[in-house]
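Here the structure is laid out as structure tokens; the discussion comes afterwards.
The values are calculated or read from the model by the stated rules, or taken from the named source; none is laboratory data. Please read all numbers here as calculations on a predicted model, not as lab measurements. Note that each Cβ is placed from the backbone with ideal geometry, even for glycine, and that neighbours are counted across all protein chains shown.
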Amino acid sequence: MLNTARNPLSVTTSVWQAIFLREALDRLFDMRGAWFWLLIEPVLHIGFIAFVFSAIRVRTVANSDTFIWITVGMLAFFLFRRTSIQVMYAADCNRPLFAYRQVKPFDAAIVRAALEALLMILATMMILAISALLGHEVLPADPLMVVWVALGLWLFGIGYGLVASVLMALVPETEHILKLLMMPLYLVSGVVWPLMSIPQPYRDVLMFNPVAHGLELVRQGFTSYYHAVPGVSVAYLYAWVVGSVFLGMVLYRRFSRQLVMK
Amino acid sequence: MIVVEDVYKRYRTEHGVGKWVLHGINLEIPRQLNVGLIGANGAGKSTLLRLIGGIDEPTKGRVERRCRVSWPMGQGGLEGTLTGRQNAKFVCRVHGHQDDLADRLGFIKDFSELRDAFDEPVSTYSSGMRSRLQFALSLAFDFDIYISDEVTAAGDASFRKKAADAFASMVTRAGLIMVAHDEGTLKQFCQAGILIFDGGAYWFDAIDDALKAYEDTFSK
């Protein structure tokens, strides 16, 4: 039984399994029909914006079907934002469970990000299925590119969330600043506004934002004849991914005690 | 055996680094002995339990657990939005008991005597019910040393007796380190005692001596 110490890997996998089930319970069933609202919220949000822009404004954006342009961009943006927010508050939301020394804040962060990815995949499939029924071209022209870039946005969400949660634990005031940063990110990342239409030199400034690269690349992956902003690059996005995840992990290693205690 | 070697601990406060809570503590706590931690409020009893339980690290020095040590009962460990059963499942899974989950859950439900409340959210529990659940949870696993931080205080007399009997029955197998303020409880559960006073820790082979030494500190 317990007489032989479990090896660290099996401890970690059992902790991940336990947190995953606990988080999934909390997210999907903490109130009546919570799972329904979790999926329907992005569907309604994206559906409404996509409808308004494609029906009232324009039919195409830079050669791409507006409906798909908006839908894909928003899904990619939500993947980043929801993952980062889940990771940011991972330690806060699981505080009582750190009483078990096997459970570390990093476990909670990773598992929460994985759960969020799963939920976003479900939401994405649902939204694309609805779009297909409405007669839009939903199959990506370059599926590998889409997967690769979506993975990058997800990982950047993790990196950002890790760094942000340590900053918030060390200096509580940063929470306000990070929230202020998140708000305009929706606009400056080109979720509802094509960055192509921004004049120089301002466009170059906006393209420092790795999320903007991610969104443009995902759209390009969906529509091969889409005119993306010149200079978008997967490598740039992944440079941010590597940097932020590495920094986040270093900070977690160094300050894990401050994350647990309040 | 738990070895506490020259442990110093202080916390970071809003006004910079706080004062030393524990100041150069050396202890060797054997298995199969029930030990009571005694000291005034804020003396550092819970801090020491957290260090022993491995959920916090000493500022200086080290703590070595040479046997299986439970988590500190009574310091968190229950998620309010989940039911007692869901919390129990979480703890079983964390400790690698996915396979015999049903047996453990059965034991926890029986021992805690929560009945239907076992399937209600923990946030609706009274403090007594919480401590019953916490006690049952840790007894569901075979630890060599159990750590308890005031869990027994909230339970009623019959539950306290049941818990004391449970520990008496496994005295050959496992030990207990507990914090309690009630002298009767300490005498009921413990043989040896540790007095924490002024950042230091003092070992007594008999709990009565420890309690006496504790009372002597009042006059100073």
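Taken over segment A:136-147, the criterion of being assigned to a helix (DSSP H, G or I) and crowded, with 17+ Cβ neighbours inside 10 Å is satisfied by A:Met145, A:Val146. Considered as a group, the residues in segment B:26-70 that are aliphatic (A, V, I, L, M) and within 14 Å of chain A (Cβ to nearest Cβ) include one that is surrounded by the fewest Cβ atoms within 10 Å (Cβ to Cβ), and that residue is B:Val63.
Mind checking which residues of segment A:1-56 are facing chain B (nearest Cβ under 10 Å) and hydroxyl-bearing (Ser, Thr, Tyr)? A:Ser10, A:Thr13, A:Ser14 - these are the residues of segment A:1-56 that are facing chain B (nearest Cβ under 10 Å) and hydroxyl-bearing (Ser, Thr, Tyr).
Filter segment B:144-155 down to the residues that are surrounded by fewer than 21 Cβ atoms within 10 Å (Cβ to Cβ) and closer than 14 Å to B:Gln188 by Cβ and list them by number. The answer is B:Ala153, and nothing else. Look through segment A:36-68, keep the residues that are surrounded by fewer than 16 Cβ atoms within 10 Å (Cβ to Cβ) and aromatic (Phe, Trp, Tyr), and return whichever of them is modelled with the lowest pLDDT. Out of the qualifying residues, it is A:Phe51. Against the numbered list (1) within 11 Å of chain A (Cβ to nearest Cβ); (2) out of contact with any Lys or Arg (no Cβ under 8 Å at 6 or more places or on another chain), B:His23 comes up short only at (1).
Considering segment A:91-111, the residues that are assigned to a helix (DSSP H, G or I) and of a type outside the set (A, V, I, L, M, F, W, C) include one that is nearest to the other protein chains (Cβ to nearest Cβ), namely A:Pro96. Residues of segment A:226-261 that are in a loop (DSSP other than H, G, I, E, B), touching a strand residue (DSSP E or B) at 6+ places or on another chain (Cβ under 9 Å) and farther than 19 Å from A:Val192 by Cα: A:Met261 alone. Considering A:Val87, A:Val149, the condition of being modelled with pLDDT of 90 or more and closer than 25 Å to A:Ala228 by Cα is satisfied by A:Val149 alone.
Among residues belonging to segment A:201-211 that are out of contact with any helix residue (DSSP H, G or I) (no Cβ under 6 Å at 6 or more places or on another chain) and of a type in the set (A, V, I, L, M), point out the one that is surrounded by the fewest Cβ atoms within 10 Å (Cβ to Cβ). The extreme case among them is A:Val205.
The set of residues in segment A:247-262 being surrounded by 13 or more Cβ atoms within 10 Å (Cβ to Cβ) and either of a type outside the set (A, V, I, L, M) or modelled with pLDDT of 90 or more (or both) consists of A:Leu247, A:Gly248, A:Met249, A:Val250, A:Leu251, A:Tyr252, A:Phe255, A:Ser256, A:Arg257, A:Gln258.
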